[in-house]
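Since the structure comes first, as structure tokens, the remarks are kept for the end.
Every number here is computed from the coordinates shown, using simple stated rules; none is lab data. All values derive from a computational prediction rather than experimental measurement. For neighbour counting, all protein chains shown are included, and Cβ atoms are generated from backbone atoms with ideal geometry for every residue, glycine included.
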Amino acid sequence: MNERSDSPKYRYDASFASSIEQKWQDRWEDQGTYYASNPSGDLGDDSGRIDLPNIFIMDMFPYPSGSGLHVGHPLGFIGTDVFARYKRMTGYNVLHTMGYDAFGLPAEEHARQTGQHPRDNTNANIENMRKQLRRLGLGHDSRRSVSTTDLEFYKWTQWIFLQLFNSWYDSEADRARPIAELESLLSNGYLKLENGLDWNALTISEKRETIDSYRLAYLAEAPVNWCPALGTVLANEEVTAEGRSERGNHPVFRRPLKQWMMRITAYADRLLDDLEILDWSDAIKTMQRNWIGKSEGAEITFKAGDVDLKVFTTRPDTLFGATYMVLAPEHPLLEVVIADSWPEGTPDKWKNGMATPAEAVHNYQKEASQKSDLDRQENKDKTGVFVGEFAAVPVNGKKIPIFISDYVLMGYGTGAIMAVPGQDERDWEFAQEYGLEIIRTVQPPEGWDGDAFTGNGPAINSQFLDGLQINDAKEKIIEWLENSGSGHRNTTYKLRDWLFSRQRYWGEPFPIVYDENDLPVALPEDCLPVELPDLMDWAPRSLDEMSDPEPPLGRASEWVYAEMDLGDGLKTYKRELNTMPQWAGSCWYYLRYLDPTNADEFVSKDVESYWMNGDKGGVDLYVGGVEHAVLHLLYSRFWHKALFDLGHVSTPEPFHRLYNQGYIQAAAYQDSRGIYVEAADVIQEDGDFKYGNEIVTRSFGKMGKSLRNSVTPDEMYDQYGADTLRLYEMFMGPLDQDRPWETKSVVGSLRLLQRVWRNLVNEETGILAVSDGDADLQLKQILNQTIKSVRDDMENLRFNTAIARITELNNELTKSNTETPREVAEVLVHLIAPLVPHIAEELWEMLGNDSSIVYSPFPLPDPTYLVSETVEIPIQVNGKLKSKITVAAGCSSSDLRDAALADEKIASIVSDKEIRKEIIVDGKLVNFVI
RNA sequence: GCCCGGGUGGCGGAAUUGGCAGACGCGGGGGAUUCAAAAUCCCCUUCUCUUCUGGGAGUGCGGGUUCAAGUCCCGCCCCGGGCACCA
């Protein structure tokens with residue numbers, strides 16, 4: 001920064017910082033400084049570190065975007081790097097590396113814009129990103145850096161798919177098992193088919209289809225988000241609330257298509273229960289719980305003529321209050337319950353102006369299907385029509401009218417409800433609208449003037465349930481339902497099976513082919529990897545609403561049909577043309593970090609159990625953004641559990657501790673038209689923000705192109721150096737909090753490093769300037785107290801306060817007129833080493849060491865210097881600070897009291913008053929109450 | 001509407017169990033050094049009253065518990081995030 005000719009020659013400034021940073025980055029790379037030791041295999045070594053305790057520290061790997069980094073991106077990466085460095089210095093074998101999540105739609109889109117093949121484009125972006133991250137001085141084991149697009153990586157993604165395809169969920173044993181075991185259980189008669197058929201009487205193809213329907217990865221006709229303009233189906237998360245594609249804002253249609261599904265619902269309970277053993281924030285756990293959405297209750301059958309209508313309810317205890325029934329407009333049994341004509345006395349309101357129930361229902365169905373999700377969200381007024389038929393409440397035979405309404409969703413429970421307006425707010429609203437009977441079955445508290453009462457209380461109007469509290473009433477009615485055969489205990493989930501097919505080019509091909517009956521056949525392991533064919537024309541095609549999606553792989557005409565012998569002679573098979581979603585690679589990449597060069601296994605058992613630590617283990621620290629709270633983290637947990645069941649990994653959970661870093665925000669400025677202007681060009685003048693001559697308004701938002709407020713790491717390297725950037729990002733605030741970027745504040749971090757440098761080195765000569773004498777007692781006490789605090793802060797990822805403590809120590813040295821004692825200098829260099837590794841290495845070398853500081857032990861506090869002989873005690877009167885006195889450490893309560901009363905100020909305040917109470921906390925405080 | 005976070009000086013933030021509110025940094029003010037400036041070093045910097053000794057108020061708002069509350073309890077307000085007709 002300071003390039004003036006008269007500034008000291010050896011001042012620590014941006015250009016000097018850059019030169020030592022590059023020197024050390026080269027040396028670390030040459031020496032493989034950050035290589036972690038494996039217990040066996042290619043990455044084993046004789047460093048001896050394998051005998052140390054180990055720790056696996058991980059970032060959520062990035063998508064290698066072509067647009068480069070801004071200073072907000074590496075916040076979490078710096079945090080894990082500081083922690084990993086600290087752990088290395090405290091005697092751990094540390095695994096820390098970085099991979100790339102490089103498949104997916106963004107890569108395709110970007111490639112399309114630049115006209116390059118996605119592979120070339122992706123590889124160029126990865127190279128660029130590696131360079132940028134290297135420049136930050138991140139201590140990654142470069143040998144373990146993988147990309148999901150590497151053939152040697154996605155071979156194992158396909159292998160894991162085969163594991164899922166070749167297994168089923170045994171709900172008795174509550175775990176996944178190999179599919180071969182299902183076949184033998186069925187043929188031995190140990191397991192009966194759900195549809196009651198005799199397995200051994202089935203034809204071969206019936207058997208095959210039955211088996212297929214049990215697999216964890218299975219084909220199903222499922223309603224999907226079909227976006228004809230993009231030519232692909234989209235995941236729910238890729239569709240906006242308005243029902244349009246997030247990219248391009250094209251219309252999206254719900255449409256049933258045959259797709260690969262993952263049976264994540266089989267794991268719903270375990271995914272829920274095992275949250276307990278995880279060290280994750282309650283916020284994230286709550287989000288996962290909500291997503292899984294477990295509800296316990298009962299399924300109850302209502303008879304409407306000959307038709308059984310099943311409802312799910314969490315409140316079977318309110319059965320006596322059921323006064324009508326509602327089916328979803330898409331309910332499959334609707335057609336058979338519609339009456340031919342309106343019964344006598346049907347209110348006009350229930351008919352919706354139609355002459356027959358059929359007309360009313362079909363008209364309503366049509367309207368409901370045209371309602372977008374947004375309409376439903378914004379307009380929650382209850383609408384519906386009567387179907388002209390009645391159902392019988394099982395417990396008393398009472399006939400209640402059947403309605404259809406869009407407030408009942410086909411996708412949840414049974415798509416039908418018993419409506420209990422007395423105890424349900426939605427049912428109350430509907431009942432009010434259509435003039436339906438309301439029966440309270442729970443006694444509301446006295447003075448209740450509200451509508452539906454959803455709280456606890458004794459049952460009323462419920463015959464044999466009367467007087468029971470909700471939970472007891474539920475148990476009793478469920479018992480009755482089960483005895484009478486009209487219902488049973490049941491649990492439902494919001495979680496749906498995971499749609500796993502995409503009509504895209506840039507993704508993992510499935511290791512699946514189809515035979516002459518169009519049934520799926522898994523390829524054997526020795527056929528892996530199924531390589532993505534090289535296509536010139538890989539872009540999705542725009543289609544119209546009525547056409548089927550065309551997977552781009554269908555255009556690889558050479559590739560689509562394969563002739564092979566899969567055990568029953570040479571035959572021609574058609575390949576699966578869909579590809580896997582982007583989540584596939586991110587579901588398991590952490591496991592490949594462990595053993596990236598293993599050609600025989602996705603990870604060796606030996607290596608996996610070493611790093612994951614079995615049982616309640618997993619990745620020791622996983623840092624990333626909160627936006628992955630549900631999808632990635634849920635999918636990944638699901639795959640991991642399946643691999644665990646099949647004996648491929650030793651821990652039931654992948655990520656033991658999850659930590660969500662905050663985001664760096666930055667000021668953004670809008671002109672009078674609301675257009676964002678380049679934030680870097682805005683100046684502050686007389687309290688106004690000005691862009692040129694125009695006054696602009698300020699707001700804060702996520703740093704990025706759209707708000708035109710990006711600051712790049714390169715700018716920071718030019719002005720300050722990488723160590724300063726690292727230090728500033730860690731000092732801004734706690735790692736898990738959002739924080740606003742302020743370039744003008746970065747200078748404070750540079751100043752700290754300059755002072756550290758100046759306290760150890762003569763700026764004029766560049767020669768080390770430390771003394772060999774001892775530090776005085778006071779400095780030793782400060783030094784050891786600092787070591788203690790910094791260790792504690794580092795351990796708990798509180799880097800901002802660690803830096804504050806280091807700054808205090810350094811300020812002591814700055815104030816002193818003498819040269820810094822060597823013992824202090826050496827400690828100081830260690831304390832800063834995890835945060836600012838380059839300057840620390842440089843100083844460590846100047847202090848006469850020829851090996852890296854990376855593995856030099858982090859200082860331990862000497863307990864002798866953690867206690868001082870005297871302590872300062874605040875003296876309060878009536879709880880307000882009035883004075884402070886200095887007394888011998890460990891002095892008795894009575895001595896402390898006497899000393900406090902002897903203090904001039906205190907004496908003058910209490911002299912003529914009676915002391916009513918004395919609070920004396922040894923070593924802490926004295927409070928007199930007068 | 002429900003469920004999570006959060007609210008502390010001009011700004012970012014600190015205060016581990018109830019025990020000195022505002023550590024550390026930015027910004028601001030003053031001084032030393034300098035021909036002068038930059039850089040550096042030192043001091044001050046919550047607000048407010050003041051007779052310059054100190055006094056009063058103060059952690060979103062209103063109550064409470066306590067010798068003592070940013071911290072605990074009750075009732076609100078505001079900001080951020082998630083879910084949202086899930087029976």
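Using Cα-Cα distances under 8 Å and only pairs 6 or more residues apart, what relative contact order does the stretch A:1-143 have, in percent? Mind showing how you got there, number by number?
Values: 131 pairs, mean separation 43.7, N = 143.
For the stretch A:1-143, the relative contact order is 31 percent.
Determine the shape class of the stretch A:777-821: with a ≥ b ≥ c the square roots of the Cα gyration tensor eigenvalues, call it rounded for a/c under 1.5, and otherwise prolate if a/b is greater than b/c, oblate otherwise.
Taking the square roots of the gyration eigenvalues as a ≥ b ≥ c, the stretch A:777-821 is prolate.
Beta carbons within 10 angstrom, averaged per residue: use that to sort the peptides A:216-224, A:141-149, A:712-720, A:539-547, highest first. Could the numbers behind the result be given before it?
On the way: A:216-224: 18.8, A:141-149: 20.3, A:712-720: 17.1, A:539-547: 13.4.
Descending mean neighbour count gives A:141-149, A:216-224, A:712-720, A:539-547.
On full extension of the chain, what length is gained from residue A:736 through residue A:257, given 0.36 nm per residue of separation minus the C-alpha to C-alpha distance?
Values: separation 479, 0.36 × 479 = 172.44 nm, distance 4.17 nm.
Working it through step by step, the gained length comes to 168.3 nm.
List the GluC sites (Glu not before Pro) within the stretch A:669-713 that DSSP assigns to loop and that have no more than 13 neighbouring Cβ atoms inside 10 Å.
Numbers: sites: A:678, A:685, A:694; in loops: A:678.
Those that pass, being in a loop and sparsely packed, are A:678.
Which distance in Å, rounded to a whole number, links the C-alpha centroids of the stretch A:29-76 and the stretch A:705-761?
24
Just subtract the alpha-carbon distance of residue A:425 and residue A:901 from 0.36 nm times their residue separation and send over the number in nm, one decimal. Don't skip to the answer; put the middle values down first.
Numbers: separation 476, 0.36 × 476 = 171.36 nm, distance 6.58 nm.
Result: 164.8 nm gained on full extension.
Which residues does the label zone of residue A:220 cover in the stretch A:133-168, counting backbone N under 19 Å from a point 7 Å along Cα→Cβ?
What the label zone holds, given the 19 Å backbone N cut-off, is A:161-168.
Select from A:647, A:664, A:684 the residue farthest towards the positive end of the dipole of the stretch A:639-707; place +1 on Cβ of Lys and Arg, -1 on Cβ of Asp and Glu, and compute about the Cα centre.
Highest projection toward the positive end goes to A:647.
What is the Cα radius of gyration of the stretch A:483-573 over 2.2 N^0.38 Å, N being its residue count?
Working: Rg = 19.6 Å, N = 91, 2.2 N^0.38 = 12.2 Å.
The reported ratio for this selection is 1.60.
Compare the Cα positions of A:226, A:797, A:189 along the charge dipole of chain A (+1 at Cβ of Lys, Arg; -1 at Cβ of Asp, Glu; about the Cα centre) and return the one farthest towards the positive end.
Ranked along the dipole, the leading option is A:797.
Between residue A:152 and residue A:894, how many nm apart are label points set 7 Å from Cα along the C-beta direction?
Result for the modelled spin labels: 7.8 nm.
Given a Förster radius of 35 Å and the C-beta distance between residue A:755 and residue A:537 as r, what FRET efficiency does 1/(1 + (r/R0)^6) yield to the nearest 0.05?
Numbers: r = 61 Å, r/R0 = 1.74.
According to the calculation, E is roughly 0.05.
Rounded to the nearest whole Å³, what is the per residue volume of the convex hull around the Cα atoms of the stretch A:38-150? If you can, show how the numbers build up before the last one.
Working: hull volume 12.1 nm³, N = 113.
It is 107 Å³ per residue.
In degrees between 0 and 90, to the nearest 10, how far off the longest principal axis of chain A does helix A:14-31 point, with axes built from Cα atoms?
70
Eigenvalues of the Cα gyration tensor times 5, then square-rooted: what semi-axes does that give for the stretch A:120-183, in whole angstrom, largest first?
Numbers: eigenvalues 312, 40, 13 Å².
In descending order, the three semi-axes are 39, 14, 8 Å.
Which three lengths, in whole Å and largest first, does the stretch A:588-653 cover when its Cα atoms are put on their principal axes?
Its Cα atoms span 34, 23, 18 Å along the three principal axes.
What's the FRET efficiency of residue A:564 with residue A:488 using the Cβ-Cβ distance as r and R₀ = 35 Å, to the nearest 0.05? Write down the numbers at each step before the final one.
Values: r = 48 Å, r/R0 = 1.38.
Once the sixth-power term is evaluated, E becomes 0.15.
Subtract the Cα-Cα distance of residue A:811 and residue A:693 from 0.36 nm times their separation in residues, and report this length gain in nm to one decimal. Spell out each step's value before the answer.
Numbers: separation 118, 0.36 × 118 = 42.48 nm, distance 4.25 nm.
Gain on stretching residue A:811 to residue A:693: 38.2 nm.
Specify the angular offset, from 0 to 90 degrees and rounded to the nearest 10, of the alpha carbon long axis of helix A:75-89 from the longest principal axis of the alpha carbons in chain A.
60
Normalised radius of gyration for the stretch A:267-358, please: alpha carbon Rg relative to 2.2 N^0.38 Å, two decimal places. Mind showing how you got there, number by number?
Values: Rg = 20.3 Å, N = 92, 2.2 N^0.38 = 12.3 Å.
Against the empirical 2.2 N^0.38 Å value, I get 1.65 for the stretch A:267-358.
Diagonalise the Cα gyration tensor of the stretch A:680-789 and give the resulting equivalent ellipsoid semi-axes, square root of 5 times each eigenvalue, largest first, whole Å. Please list the in-between numbers first.
Values: eigenvalues 294, 64, 36 Å².
The equivalent ellipsoid of the stretch A:680-789 has semi-axes of 38, 18, 13 Å.
Equivalent ellipsoid semi-axes for the stretch A:11-94, as square roots of 5 times the alpha carbon gyration tensor eigenvalues: give them largest first, rounded to whole Å. Don't skip to the answer; put the middle values down first.
Values: eigenvalues 144, 71, 37 Å².
Semi-axes (√(5λ), whole Å): 27, 19, 14.
So what J values fall out for the stretch A:924-930 if you push phi through Karplus, 6.51 cos²θ - 1.76 cosθ + 1.60 with θ = phi - 60°, rounded to Hz, Gly and Pro as x?
10, 5, 10, 9, 9, 9, 10
With labels modelled as points extended 7 Å from the Cα through the Cβ direction, what inter-label distance (nm, one decimal) is found for residue A:50 paired with residue A:870?
5.8
Determine how many Å³ per residue the convex hull of the Cα atoms of the stretch A:765-907 encloses.
On the way: hull volume 22.4 nm³, N = 143.
Convex hull of Cα atoms, per residue: 157 Å³.
With N set to the residue count of chain A, report its C-alpha Rg divided by 2.2 N^0.38 Å to two decimal places. Kindly include the intermediate steps, with their values, before the conclusion.
Details: Rg = 34.6 Å, N = 930, 2.2 N^0.38 = 29.5 Å.
Taking N as the residue count of chain A, the ratio is 1.17.
Quickly work out the residue A:878-to-residue A:206 label distance, labels modelled 7 Å from Cα along the C-beta direction, and quote it in nm with one decimal.
For residue A:206 paired with residue A:878, the spin-label model returns 9.3 nm.
Quick one: go through the stretch A:830-857 and flag any residue whose amide nitrogen is under 11 Å from the point 7 Å out along the Cα-to-Cβ line of residue A:10.
From the stretch A:830-857, the list is A:846-847.
May I ask you to derive the FRET efficiency for residue A:557 and residue A:128 from their Cβ-Cβ distance with R0 = 30 Å, giving the value to the nearest 0.05? Let's see the in-between values first.
Values: r = 34 Å, r/R0 = 1.14.
Plugging the Cβ-Cβ distance into 1/(1 + (r/R0)^6) gives 0.30.
Using Cα pairs under 8 angstrom and six or more residues apart, how large is the relative contact order of the stretch A:800-900, in percent?
Working: 67 pairs, mean separation 14.7, N = 101.
Worked out over the stretch A:800-900, it gives 15 percent.
Rg/Rh for the stretch A:533-603 to two decimals, with Rh computed the Kirkwood way over all alpha-carbon pairs. List each step's numbers first, then the result.
Details: Rg = 17.1 Å, Rh = 15.7 Å.
The Rg/Rh ratio comes out at 1.09.
How large is the helix-only mean residue ellipticity at 222 nm for chain A, computed as the sum of -39500 (n - 2.57) over DSSP H runs with n ≥ 4, divided by its residue count, in deg cm²/dmol to the nearest 500? The partial results should precede the final answer.
On the way: 29 runs with 307 residues, N = 930.
Rounded to the nearest 500, the figure is -10000 deg cm²/dmol.
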